[in-house]
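What follows is a set of notes on a single structure, which appears directly below.
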């Protein structure tokens, strides 16, 4: 059996090796040899992937657990470094390591010629390490290590081209917004510690405690704190997974290299919030109020981001908003306690969204950095393979029958409908969102690949099909986005491998939740038909609206007017709620309070100085006078002693 | 009439008073130095005078310490004169009031 | 013997350095670094020894009291790490100073060794007066070094620093003398008993006098006026020592003297906790607005130490390891940051954040180290800072949600200003700084800082390396002392 | 009785020559008066039974130190400012305080009972050396002080040489400075 610690070990070795390469080659003009660096960069994620694969095949049903040692050991606080490899982490690890490997491979082509080639891959490997730790850990603190680690890598990679201050500002924003969420995570852990000590931070112990009927009474009394913990963990998830209210960083995060957007800001990192919800499923199902919050936040986010996606001109921004929207779908699923479905959507989404991003990356690469869709068009003839990949991804995301997104989105919609009395309304909202999804994605495909080329002529001459290193991963991912859904095809009896894999982890929680309300029975074919109809409707609207000559592109591609106020609504909100008060407070402290203190200091110093000067002026230059004075003083003292000492 | 122990102290007191007066009142730097020596001598005399009022072993310390005082005085005179020589070079004056424009 | 060596030998070395050549700074620096390394090795040895005490040597009897003072040293769980910090950071400062001072290296080394001896004495003294003696003695070499090697306003900075700290601890001298005159001994336990015997208004007065000295030294909110100026004007290696090791003397004083003596007065403890929290927020917000790189670091350091103070006075059972780990982490990260900022200052020839930038592209090794140091400073899990801040959060959470929320706010704010700092110094356009030749961080400096950063990661993954030294008598003693004010001595 | 007569003579000489120091204008006269005062003090030491201190007084003080002083006065022409007033203006302040101090202390002395002890030891060479070089652990430990004095004298010598060398101010010393 492969020890579990090997999985994170490989990428961290890769990180160290690549950092060494990056630093040691920093003196030379042309940078490190790209072939060797690229090989190292792909090799270690690949090793991780292979070891995960081998482990997955031999995994017992209850999972594998390994404890490496204690991390923090105090009488009141004990945390181990331990790994847990079960159904949930298996699936997450499989696609995380797999997609990372693919994208690392893609990046060799994409990043060719960049001076910081080795640094880029060092970050990618570090990201993989953190993500593996996040997914593989058996306790919340260690998950938090990965949680902040991925945030850090995201920061580093968004600001990767740091010569441009705009990029590093976007990175800062991502990190800070994530930090806000992370503090929520930390406080969630503190709540759990208050309830039952640090042992509760371990997933196994937490689940055992929650499911044990003996502790029911204790849970009952701890319910307010438990609900608070749930809300706080969810708040952490909203930061990482870009949900309302902490969602503004993700569109800005598109400043990073496109493969990074594909890997971190679409396929893996942003889904870790969903992962955490699934991990804590046993906790969440006990507190319906938190589930409801998750559900509505998910629905609102999905709908809001879908509309915002309609207004974007930047190809990556459209994809970013669609990611937020899809994450909203996943949260909705988690909100109705269908954690396995939400993970399934994570899984399928990672394929088609990665494919879409990589395709967009290929387009941008071939247009030498052009991201504005209004200056694209007609690329299907020049880049057929890329177009094919993108169209596959498009079909998957809108839920075209047979493609991956169809199955997972269909399941989510179904779960929403049967969730309870509010079900039909939720279903309606989600279906509407699905229609909008099809509209803006159709808009993207139409503006990019159909019609006439609208960009400058010199860029047109440069357009070329992506090189093989980029194309191969794209094709693999597009195959995935076509067929990954068959792992849990609701309409095909028996095709439920995915659900069975997750059942040991989230099954108990979902059973608990579904027993709470009566199930509504409706044929799955109805949902499938309605879903398909939504996709077709959306495509039709997009075709009607956007399949016509485009106006001339002007400006920097940012939306204007009501579109901007919709898109940047939360930016404005953050600005008024957090940024401006903080700045005002800092200004007040700096300009008012600090100056008062400085004035007081100046006054005190002045007094001391005047006193010192006065004394000093007595003792300038007159040694004789001073000695005479001291003699006189001495005489006085002796006289006093003689007089009062009883001698006189 | 016999020699009294306090007579010695009174002589020492007079010498000390004269010594310190010389140090503080005279303007010539050499007199300042000599005044210090005189005061030190007075202290030595006082030491020995007191030593003689003590019995046996106790009387030893008072007779030893003047030796050290003399040695320290020698060192002090040595340094003091060296400094005087140095100052003389730049000031061309023995008047200590003229030395006061040294920074300090 | 080890303790004596750590306290007295630095002074001897300082004297020895007087005899070295002032003109051949290369060989002088070699011998200074050699001695610095020896002291570091000794301090590591001290960590492995853990608890140790010297037999008290009678010092003098305080006039007006019957209390005999002793020269006696003691090492326990916490102060061994403080000594480790002071020796390590001094060594790093000696290494980094090679680049900056040239012919003046000798005198700098003399000052640093004197400072090192005084710091070690402060951390190891078990006699209150001995502690106070070294506590005051620290100011002298530090102020002289600032005045001699600092930036433009060095005279004013040194003056402010000296007057502030000396005036701040003057009441403590009187309070200490008073306690000694009513008490029977000069250990913390004796002082505690003496304190119990006096009337309530005097108790308050005594507490305020003691606290003031440490409030100024740490520094906490209303008494921080000297800090930013002194840290900014001091040469970078000295700022590293000041922030990395000397500022710990204030926290240590709170922990080792104020808490055992005054720990029974819960309202005062509570007040101190709020002052600490306010300082933490204040430092973070000030760092947000700072335009001077070293002032930013000074405020950040102030914020972190404010958190440490808040944790100490939360009196939670987890606070001792929390504070210890935070102090070690802060010492390592802030000193490496100061040293790197000094390098950046040399590159950019300015301390203004506006004039820096683009250093990552121009000098990737420097950029890597700088980024690493800053990220370690914002308590990313996996570095020692996280362990410290998380445990502090835990300690404050046990007091109530509001202190913990304020501490959480500091976590966010520290991310904000640190990222701003990173962006201003190493990111941005490379051509902002016009090309000059010799713009490489020296490999020696890089290695020294690298070791510090590596230590941060090692302690972050295995904090037991630090916390294990608490598994002596100390922890129980202090906690028991805090919880009920019975006579445990 | 005889002792009192000797003492009276010697002390009158000592105090009188000390007054000469105070009142003489030329430093050379002052120095010579001081020598006289010191020699008579040495006599008092002998009279009191400390012959060794008396001998050292003559050899070191009257001999070495005062000779050095005299030589320096002669070399530097110490009386060069003979036109300036002898006394500083501070004198107005100093003399009364000194007299007052002397009166006070004298009063204190007289009112203190003080008498010679019959068992006091004679400060012979043998006793002095035996005490001075008693290196017993329980001994008085003067030998340490003795060593310290040795160091002090050495350092004073070095310092004097350095100061005097700097004073030369010749080109040679400038050059050595530059070489360093």
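The values are calculated or read from the model by the stated rules, or taken from the named source; none is laboratory data. Owing to the predicted nature of the structure, the values given are computational and were not obtained by experimental measurement. Methodologically, a virtual Cβ is constructed for each residue, glycine included, from the backbone with ideal geometry; neighbour enumeration extends over all protein chains shown.
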When you check residue A:272 against the structure, is it within 16 Å of the chain's Cα centre (by Cα) and more than 27 Å from residue A:121 (Cα to Cα), yes or no?
no
Can you tell me how many residues within the stretch D:127-136 are more than 7 Å from chain B (Cβ to nearest Cβ) and either at positive phi or in contact with a helix residue (DSSP H, G or I) (Cβ under 6 Å, 6 or more places away or on another chain) (or both)?
2
Of all residues in the stretch A:311-332, how many are surrounded by 24 or more Cβ atoms within 10 Å (Cβ to Cβ), more than 16 Å from residue A:445 (Cβ to Cβ) and modelled with pLDDT under 90?
0
Restricting to the stretch A:158-168, name every residue that is in a helix (DSSP H, G or I) and touching a residue at least 24 places away in the same chain (Cβ under 8 Å).
A:158, A:166, A:167
Give me the residue from the stretch C:416-432 that is surrounded by 21 or more Cβ atoms within 10 Å (Cβ to Cβ) and not in a helix (DSSP H, G or I) and, out of that set, modelled with the lowest pLDDT.
C:428
Among (1) farther than 23 Å from residue D:131 by Cβ; (2) touching a residue at least 40 places away in the same chain (Cβ under 8 Å), the one test that residue D:8 misses:
(2)
Considering the stretch A:26-53 alone, what residues qualify as being surrounded by 19 or more Cβ atoms within 10 Å (Cβ to Cβ) and not in a helix (DSSP H, G or I)?
A:26, A:32
Meets criteria (within 23 Å of the chain's Cα centre (by Cα) and within 11 Å of chain C (Cβ to nearest Cβ)) for residue A:183
yes
Scan of the stretch D:96-126 for residues that are facing another protein chain (nearest Cβ under 7 Å) and either touching a residue at least 60 places away in the same chain (Cβ under 8 Å) or touching a strand residue (DSSP E or B) at 6+ places or on another chain (Cβ under 9 Å) (or both), ordered by number:
D:117, D:119, D:120, D:121, D:123
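Given the criterion within 30 Å of residue B:91 (Cβ to Cβ) and at pLDDT 90 or above, identify the matching residue among D:37, D:97, D:91.
D:37
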Suppose the filter is facing chain B (nearest Cβ under 7 Å), closer than 22 Å to residue D:99 by Cα, buried (at least 20 other Cβ atoms within 10 Å of the Cβ) and within 16 Å of the chain's Cα centre (by Cα); does residue D:21 pass it?
yes
Is at least one residue of the stretch A:173-180 in contact with a helix residue (DSSP H, G or I) (Cβ under 6 Å, 6 or more places away or on another chain), within 11 Å of chain C (Cβ to nearest Cβ) and farther than 17 Å from residue C:415 by Cα?
no
Which ones in the stretch D:41-55 are more than 9 Å from chain B (Cβ to nearest Cβ) and surrounded by fewer than 21 Cβ atoms within 10 Å (Cβ to Cβ)?
D:43, D:46, D:51, D:55
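For (1) in contact with a helix residue (DSSP H, G or I) (Cβ under 6 Å, 6 or more places away or on another chain); (2) within 7 Å of another protein chain (Cβ to nearest Cβ), each residue gets a yes or a no:
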| site | (1), (2) |
| --- | --- |
| B:16 | yes, no |
| B:29 | yes, no |
| B:42 | yes, no |
| B:48 | yes, yes |
| B:57 | no, no |
| B:71 | yes, yes |
| B:79 | yes, yes |
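So, in the stretch A:54-81, of the ones that are away from chain C (no Cβ under 14 Å) and in a strand (DSSP E or B), which residue ends up farthest from residue A:505 (Cα to Cα)? Talk me through it step by step, then tell me what you get.
Initial filter on the stretch A:54-81 (away from chain C (no Cβ under 14 Å)): A:54-67.
Narrowing further to those that are in a strand (DSSP E or B): A:64-67.
On the way: A:64: 13, A:65: 14, A:66: 17, A:67: 19 Å.
Among them, the one singled out is A:67.
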Of everything in the stretch C:362-378 that's within 14 Å of residue C:417 (Cα to Cα) and at the interface with chain A (Cβ under 9 Å from one of its Cβ atoms), which residue is modelled with the lowest pLDDT?
C:378
When restricted to A:88, A:142, the only residue in contact with a helix residue (DSSP H, G or I) (Cβ under 7 Å, 6 or more places away or on another chain), farther than 25 Å from residue C:357 by Cα, within 9 Å of chain C (Cβ to nearest Cβ) and touching a residue at least 12 places away in the same chain (Cβ under 8 Å) is A:142
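If I filter the stretch A:388-397 for residues that are at pLDDT 85 or above, farther than 28 Å from residue A:105 by Cβ and crowded, with 24+ Cβ neighbours inside 10 Å, do I get at least one hit?
no
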How many of the residues making up the stretch C:215-233 are closer than 16 Å to residue C:274 by Cβ and either out of contact with any helix residue (DSSP H, G or I) (no Cβ under 8 Å at 6 or more places or on another chain) or in a helix (DSSP H, G or I) (or both)?
4
